[in-house]
Amino acid sequence: MTSRAVLVVGMHRSGTSAIARGLAALGVYLGNDFLDAQPENPTGYWEDKGIVEIDERVLKALNLRWDDAAPIGPAGFRRLRIRMLQFAAARYLKRTFASHPLWGFKDPRTIRLLPFWRAVLRSCRADDAYVLAIRNPRSIEHSLFRRQSMNAATAQRLWLVHMVPYLHLIRGRPMVVVDYDLLMREPRPQLERIARRLDLPEPDPREIDRFVAEFLDETLRHSVFAPDDDAGAPTELGRLTQHAYRLLYDLAMDRYDPSDNSFWMAWEEIERAYGSSSAEC
């Protein structure tokens, strides 16, 4: 039996936890062994421990930490250790998730490792779909500075290395882009939009009410910037980051459809600009 897998992908501090919890309200099985809540995320991460462990092992095999902004070339995913980890990941998904008709997982590292996970999902014969979480990079910069004392340029490079290199791999797959600030402002319409875009079963209104009442907490969101706010992007790197974000924001606002060639042509320009900037670093 082919199962449906819905992956929440996106940069750290982009509201991936809130979106994952929203998917649970829409009936997507996310597992039952989550990372513990922490002071910086008191309502929980909604990240399966086994998935996080796999992603960390893959990054370690690539000699990277979560906050390393070095690009991962396609050859890296062909290493023997990575292929062995793919077998282990497929076994884990089949054991933990694949017996459920509709399941998924969330870990911000996943978007950097999409070649790895696409291969794993194919081996599991899972019908994959994606929720891409976005948030204004300026808010992410503020959050990473507050948590990690990370400077703006490093945060921008980290945002780009997560969002740009492998997004094209999910072109043609069911995908919806969700902006965290829009979710906080209008949670019910955004959840209904996710369900409609991904053709999910009719959600239980009580679960959506519970999500809105018990999980979303405006006091945990410490910064909000308008999508067209360029005040924090005085450098070429900052301008590229904001330009890429605004393209994705157009998808979140349904100004484009994810299947539109016009979006992907514009995104190819982002990929070329990112390739040039990363080569200069």
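The values are calculated or read from the model by the stated rules, or taken from the named source; none is laboratory data. None of these values were measured; they are calculated from a predicted model. So basically every Cβ, Gly included, is an ideal-geometry build from the backbone, and we count neighbours across all protein chains shown.
One table, with the values for the structure above:
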{"read-out": "Cβ-Cβ under 6 Å pairs, at least 6 apart or on other chains, segment 75-99 side free of Cβ contacts under 8 Å to residues at least 24 places away in the same chain, far side surrounded by 13 or more Cβ atoms within 10 Å (Cβ to Cβ)", "value": "GLY76/LEU62; ARG81/ALA61"}
{"read-out": "Residue in segment 68-97 that is surrounded by the most Cβ atoms within 10 Å (Cβ to Cβ), counting only those that are assigned to a loop (DSSP other than H, G, I, E, B) and among the hydrophobic types (A, V, I, L, M, F, W, C)", "value": "PHE97"}
{"read-out": "Selection count where residues are in contact (Cβ under 8 Å) with a residue 60 or more places away in the chain and either assigned to a loop (DSSP other than H, G, I, E, B) or surrounded by fewer than 14 Cβ atoms within 10 Å (Cβ to Cβ) (or both), scope segment 234-251", "value": "1"}
{"read-out": "Helices (runs of 4 or more DSSP H) wholly inside segment 108-169 containing at least 3 residues that are at pLDDT 95 or above and not β-branched (Val, Ile, Thr)", "value": "114-123, 152-163"}
{"read-out": "Selected residue [in a helix (DSSP H, G or I), at pLDDT 90 or above and within 20 Å of VAL9 (Cβ to Cβ)] from ASP254, ASP181", "value": "ASP181"}
{"read-out": "Residue selected from segment 43-67 under the condition assigned to a loop (DSSP other than H, G, I, E, B), modelled with pLDDT of 95 or more and surrounded by 15 or more Cβ atoms within 10 Å (Cβ to Cβ), by the criterion nearest to the chain's Cα centre (by Cα)", "value": "LEU64"}
